[in-house]
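Working notes for the structure below.
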Amino acid sequence: MAKDFETMEFSNFSANPSIHEVCDPARRLWVQGGLAGLASGVFGSILPGCAALPAGPLLGFKAVPSASTDTLVVPEGYNATALAAWGEPIGVAGNMPAWLADAGNSAADQEVQMGMHHDGIEFFPLDGSRHGLLVMNHEYTDDGLLHPDGMNTWSAAKVRKAQAAHGVAVIEIESRGEGGKAGWQMVRPSRYARRFTAYSPFSVAGPAAGHALMRTAADPQGRTVLGTLNNCASSQTPWGTYLSGEENFAFYFDGGDKLDAHQLRWGMRKAGFYRWPEHDERFDARKHPNEFNRFGWVVEIDPMDPQSTPVKRTALGRAAHEGAWVALTRDRRAVVYSGEDARFEYIYKFISRDPVRLAGAGISAAQANRDLLDHGTLFVARFSADGGGQWMPLVHGNGPLTAANGFADQGEVLIKTRQASDLLGATKMDRPEWFAIDQQRGEVYCNLTNNSSRGAPGMPGVDAANPRANNVMGNIIRWKERDDFDGLTMQWNHLVLAGDPANARAEAKGNIKGDIFACPDGLLIDARGVLWIETDMHATQMYKGELVRIGNNQMLACDRASGEIRRFLTGPVNCEITGVTLTPDGRNMFINIQHPGETPTDRSDPATPARFSNWPDYRVGGRPRSSTVVIRRTDGGLIGT
């Protein structure tokens, strides 16, 4: 999500060590090499065609230069086409209102149209690599663009429309044509087409379901929540469902003048960033304090069953979840990794009690595993200075996690995951965002996007083991569990420190081998073992001189064996590159372009021009629209080769 990094959430004032206090970049960087053979395909067992992948260099495309223009640029021999932009009808039979260029659509229209600010995205095959479902998050809204008159007035109708533009979309798409000329189109109408908004019913499952802290006047049982919001990253489970993280939910609530310790620890403010409480009082925490506890969960959706109800999985813990990603142990139990996109917060993993079940007669794999994520153990990470680390169980009665310290039961431990992690001494991280899992090699990668508060007064500072104060560049950390993904100890290191060798500040140089970048956000390891990296630099960062040479946000590819990083695409002005998924044959890549034309917030700086975009329609004076982009090679070959 685009953020003003000077005002984004920071609420962890515990005395726990930060990742930089235990990280010595001189010793904690992976030695290049040692990953030869990875190109045989991390996911060869589940992606068709992997056995026939070509040999040779992993990165076979010519890098594109950095750019600052309002265009989307891909390498020579590739094409990119916008698909399913904000406002396009999703394909609900008999209800497909066209998008109006003046944003004059109603809330009822928006309920059956693509939402605003596309983020995480996953492809679910219906017919191999030519026909399937795209499921994607719509993270937040820009109310200045969403309404014809912007924010000049405010009303219940505008709140309802903003809530309808949040959530998740399920659309059906089909490739028509051959080779590199194949054109992807939305299938409309579609029996699969659905929108989940900020007022769609969601079931609550796991240890916190029905808990006293989850009950409200509207839901005295505490088992049904209206809505999901600020959905950020996504993943696809081995049993065919979609996982979405509810990230910066605190921004939607007004807390008033008398915030309690729990609300403060979770970043609630006197007034949120949105004006929903004015016309939807459930977001007024003074009147409905428990409503706040009903967000911040990992949501599971079965896109193949149009009648299914999505579920908030409380066993995975409550957090400002960027997303959640699943690995499998050798005995086929699920291990779910997640992190919080907030400064100085934590990294978690959940180990399921039971193994993943197979589909049966008349029962899909999703149905066979409908309660898999409700039973198991949640852990939080502590990273050690020697490159080791351990996972500490967030279990009621473990050490300080007792009633005397404010945890009456396991449900309360999970609702107050941050406080429990504070007491266990977990390591404070620099905004852990997307993860990528190398199932074959047992490695987990995580983007630590940045932390502009590093070294600020009263914050963790630099020392011999940490040369990067005011960490605006970010880095990528990776680790390997002892023996298997369910191991309780790990060995970790950094893959790369992002930055620019030409930067005058030593702490901003980084150690990139190849094309420079900053603020890594999205991640994916493809079937050939290429690590795809997407960036999210905020507009104020890009135009204050720190990151000018890096240009617009971009996607890069990393050959982990050689360490080379090569720029694959650059996006329109001020957009975020986010969400990435591939068809099973590796020949179609889908990414999302979020908030093109985002305006720098520091208008007082004359060196910070107001930058706008009208991508992808390029109408004169038109509104920019977040959109999915389909990328293909013109010869129909594998992406990246």
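Quick notes
- Solvent-accessible heavy-atom area per residue, rounded to whole Å², over region 284-403 at 1.4 Å: 32 Å²
- Under a 5 Å amide H cut-off, with hydrogens placed 1.01 Å from N, residue 167 pairs with 138, 230, 231 among residues at least 5 apart or on other chains.
- Long-range tail of P(r) for region 527-594 (Cα pairs > 19 Å, %): 39 percent
- Region 69-148 - percent of accessible surface contributed by carbon and sulfur, probe 1.4 Å: 53 percent
- Checked against a 21 Å cut-off, the cross-linked pairs 158/416; 349/428; 62/509; 480/513; 62/513 give Cα-Cα distances beyond that limit for 158/416; 62/509; 480/513.
- Counted residue by residue at 0.36 nm each, then reduced by the alpha carbon distance between them, the extension gain from residue 69 to residue 408 reaches 116.5 nm.
- Residue-wise HN-Hα coupling along region 492-498, computed from phi with Karplus coefficients 6.51, -1.76, 1.60 (Hz; x: Gly, Pro): 10, 6, 9, 6, 7, 9, 6
- Residue-wise HN-Hα couplings along region 183-200, as the Karplus relation 6.51 cos²θ - 1.76 cosθ + 1.60 with θ = phi - 60° gives them from phi, are x, 8, 9, 6, 8, 9, x, 9, 6, 8, 4, 8, 10, 10, 10, 6, 9, 7 Hz; Gly and Pro carry x.
- Hydrodynamic radius (Kirkwood) for the chain, which is based on Cα pairs only, to one decimal in Å: 24.5 Å
- Packing-based ranking of 104-110, 614-620 yields 104-110, 614-620, ordered from highest to lowest mean Cβ neighbour count within 10 Å.
- Average projected area [Cα convex hull, region 208-364], square nanometres: 10.6 nm²
- The antiparallel fraction among DSSP beta bridges confined to the chain stands at about 95%.
- Using θ = phi - 60° and Karplus 6.51 cos²θ - 1.76 cosθ + 1.60, couplings along region 382-397 (whole Hz; Gly, Pro as x): 10, 9, 9, 5, 8, x, x, x, 9, 9, 9, x, 8, 10, 4, x
- Helical content of the chain, expressed as a calculated mean residue ellipticity at 222 nm, amounts to -1500 deg cm²/dmol (DSSP H runs of 4 or more residues, -39,500 (n - 2.57) each, divided by residue number, nearest 500).
- Computed over region 65-113, the percent of Cα pairs more than 13 Å apart is 66.
- Annotation: peptides 407-415, 289-297, 218-226, ranked by per-residue average of other Cβ atoms within 10 Å with the highest first, follow the order 289-297, 407-415, 218-226.
The values are calculated or read from the model by the stated rules, or taken from the named source; none is laboratory data. Values in this document were obtained by computation on a predicted structure and should not be read as measured data. Quick reminder, even Gly has a Cβ in these numbers, built from the backbone with ideal geometry, and neighbours come from all protein chains shown. Only protein heavy atoms, including side chains, enter the accessible area calculation; ligands, DNA and RNA are left aside. Shrake-Rupley method; radii C 1.70, N 1.55, O 1.52, S 1.80 Å.
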